[in-house]
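Chemist: Got a structure here, written out as structure tokens. Questions coming.
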Amino acid sequence: MGEEYGLVDTETVEIEGDEWEEIDVSDTEADRIARKRDREFDQFRKRLTDADQFKVEQSVFDDATFAALYKLVQDGHVEAFGGPISTGKEANVYQALGPDDTDVAVKVYRINASNFRQMRDYLEGDPRFEGLGGKKKDVVLAWVKKEFANLKRAKRAGVRVPEPIATERNVLVMEYIGDESGRAKRLGEVHVENPETAYEVMREYMRRLYAAGIVHGDLSEYNVVFQDGQLVVIDLGQAVTVHHPNSRGFLERDCRNVASFFGRQGMDVDGDDVLEFVTQPEPDPSRE
């Protein structure tokens, strides 16, 4: 890993005002397409199901999920699908071809996520999701829209994250972080040549997130990747606003995780050091 970590320039960043409006989880165009089931959609579904490189599990992808992918193709966000980047209990991430031969990442959340209750814990108390029901579908769809909104807010705050591109139902399209050899390596998978600089960038990104009114909630060396001389923060689906009743506990855990990692790199830091830096100054209420 090189010594340049590419801290995003804050001078070009403008943080918008209050945007914590309620997020709609009602039926989308994908649900309507799935109900209609015309010939073109059925042909698309069969091609995708039969594509070896996509490795679709029919037990995981329902018709509405195929319809969401179909709608994203129709809207020009995805041209062709590639192989899996990662698989997990909540979602699979696939590499795909976007407009103008650009690579994008397509994150497909499972409606029947195994940690559904944990998802709900992160949503409850977030003012964007007041009145959200208990249906699995509604919780997962809210989670996807939450990740999309969190990525946009983080980017505006000057934090290097994958560029959010589009979302449809339980599918999120975003910038692909990697190159022709594969996905970017997580911070915990590489040798950190200059841990002092990496630590400074990491805690500055945490402070910018906090100043913008959000807490990552699951930050560690496995949710930060290194690509083209930059640290990139990923997986913001669980990030909460500072108004969330558990936001302080989530932040303290993030600080402990970051301090623990850089402590293993030979640095003399602890969670309290990180927390003090991140929370000074306090978030500006006009920006929440």
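Chemist: Does Y94 satisfy being part of a helix (DSSP H, G or I) and in contact (Cβ under 8 Å) with a residue 24 or more places away in the chain?
Modeler: Here the answer is no, as Y94 does not meet what is asked.
Chemist: V144 - would you say it is under 25 Å from V224 (Cβ atoms), in contact (Cβ under 8 Å) with a residue 40 or more places away in the chain and either touching a strand residue (DSSP E or B) at 6+ places or on another chain (Cβ under 7 Å) or not basic (K, R) (or both)?
Modeler: Considered against the rule, which asks whether it is under 25 Å from V224 (Cβ atoms), in contact (Cβ under 8 Å) with a residue 40 or more places away in the chain and either touching a strand residue (DSSP E or B) at 6+ places or on another chain (Cβ under 7 Å) or not basic (K, R) (or both), V144 comes out as yes.
Chemist: Restricting to the stretch 216-251, count the residues that are among the charged types (D, E, K, R) and crowded, with 20+ Cβ neighbours inside 10 Å.
Modeler: Of all residues in the stretch 216-251, those among the charged types (D, E, K, R) come to 218, 221, 228, 235, 248.
Okay, now just the ones that are also crowded, with 20+ Cβ neighbours inside 10 Å, so 221, 235.
Looking only at that region, the number is 2.
Chemist: Counting residues that are of a type in the set (D, E, K, R) and under 30 Å from N92 (Cα atoms), which helices (runs of 4 or more DSSP H) fully inside the stretch 178-288 reach at least 3? Steps first, please.
Modeler: Values: elements: 195-211, 247-264, 271-278.
Here the list reads 195-211, 247-264.
Chemist: Here's something else I'd like to know. Any residue in the stretch 239-266 that is over 17 Å from Q118 (Cα atoms) and of a type in the set (A, V, I, L, M) sitting within a Cβ distance under 7 Å of a residue that is open to solvent by 10 Å² or more (accessible area, probe 1.4 Å) and part of a loop (DSSP other than H, G, I, E, B)? List the pairs, counting only those 6 or more apart or interchain.
Modeler: Within 7 Å, the pairs are V242/P283; V242/E288; A259/V269; A259/D270.
Chemist: Next question, about the same structure. Go through the stretch 117-137 and give me each residue that's part of a helix (DSSP H, G or I) and open to solvent by less than 30 Å² (accessible area, probe 1.4 Å).
Modeler: M119, Y122, L123, R128, F129
Chemist: All but one of (1) of a type in the set (D, E); (2) more than 19 Å from N150 (Cα to Cα); (3) surrounded by 17 or more Cβ atoms within 10 Å (Cβ to Cβ) hold for D254, so report the exception by its number.
Modeler: Of (1) of a type in the set (D, E); (2) more than 19 Å from N150 (Cα to Cα); (3) surrounded by 17 or more Cβ atoms within 10 Å (Cβ to Cβ), only one is false for D254: (2).
Chemist: Only one of these conditions is not met by E147: (1) out of contact with any His (no Cβ under 9 Å at 6 or more places or on another chain); (2) among the charged types (D, E, K, R); (3) open to solvent by 10 Å² or more (accessible area, probe 1.4 Å). Which number is it?
Modeler: Single failed check for E147: (3).
Chemist: Tell me the residue from A80, A142, A68 that is open to solvent by less than 20 Å² (accessible area, probe 1.4 Å) and under 30 Å from E180 (Cβ atoms), please. Walk me through how you get there before you give the answer.
Modeler: Details: A80 fails: open to solvent by less than 20 Å² (accessible area, probe 1.4 Å); A142 fails: under 30 Å from E180 (Cβ atoms).
Checking each option against the conditions leaves just A68.
Chemist: Let me ask something additional. Filter the stretch 45-79 down to residues that are under 19 Å from V93 (Cα atoms), in a helix (DSSP H, G or I) and either of a type outside the set (D, E, K, R) or at pLDDT below 95 (or both), then give me how many there are.
Modeler: 15
Chemist: Where residues in the stretch 162-206 are of a type in the set (F, W, Y) and closer than 30 Å to D273 by Cβ, which of them is surrounded by the most Cβ atoms within 10 Å (Cβ to Cβ)?
Modeler: Per the criteria, the residue is Y205.
The values are calculated or read from the model by the stated rules, or taken from the named source; none is laboratory data. Quantities reported herein were computed from a predicted structural model and do not represent experimental measurements. Ideal geometry is used to build each Cβ from the backbone, glycine not excepted, and the neighbour counts take in all protein chains shown. The protein model used for the area step is the full one, side chains on, heavy atoms only, and it has no ligands, DNA or RNA in it. Shrake-Rupley method; radii C 1.70, N 1.55, O 1.52, S 1.80 Å.
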